[in-house]
Amino acid sequence: MAVTELERTELANRLVQAIGTEATETLMNCIIPEGRGQLATKDDLKVLESSLRSDFADFKGDMRSEFADFKGDIRMALAKQTRMYLTTLAGFMLTTWGALIVPAVV
């Protein structure tokens, strides 16, 4: 339930009558120690939301770029690894077939 400014003023006036001006100010400062000027308004939150959305959009773009680079690096590493395995396999095949064929020919 939102409290209107009129209700706040009426409460403050009643407190002044009941406990005095200084005590009312002390009590109101205890309720909101930094003062009402320190509270965020809806406009403040909208500005913050806009700023955060912009920052996250930039971050998202940066992360996509980083992952695209990383994805390319992984593909290159996998291609290199595949070439190495195929070369090694071809070497084993040649050695094995050579060992089988040379005695049969001689």
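Being open to solvent by less than 100 Å² (accessible area, probe 1.4 Å), touching a Leu at 6+ places or on another chain (Cβ under 6 Å) and not basic (Lys, Arg) is the requirement here; does THR24 meet it?
So THR24 fits the description; yes.
Conditions tested, residue by residue: (1) of a type outside the set (Phe, Trp, Tyr); (2) exposed (fewer than 10 other Cβ atoms within 10 Å of the Cβ); (3) under 23 Å from the mean Cα position of the chain (by Cα); (4) modelled with pLDDT of 95 or more.
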| site | (1), (2), (3), (4) |
| --- | --- |
| CYS30 | yes, yes, no, no |
| LEU48 | yes, no, yes, no |
| GLY61 | yes, no, yes, no |
| GLN81 | yes, no, no, yes |
| MET84 | yes, no, no, yes |
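Would you check which residues across region 91-106 are of a type in the set (Gly, Ala, Ser) and at pLDDT below 85 and list them?
ALA104, the sole residue that qualifies.
The values are calculated or read from the model by the stated rules, or taken from the named source; none is laboratory data. Everything numeric in this text was worked out from a predicted model, so none of it was measured. We place every Cβ from the backbone using ideal geometry, glycine too, and count neighbours over all the protein chains shown. All accessible areas refer to the heavy atoms of the entire protein, side chains included, with ligands and DNA or RNA removed. Shrake-Rupley method; radii C 1.70, N 1.55, O 1.52, S 1.80 Å.
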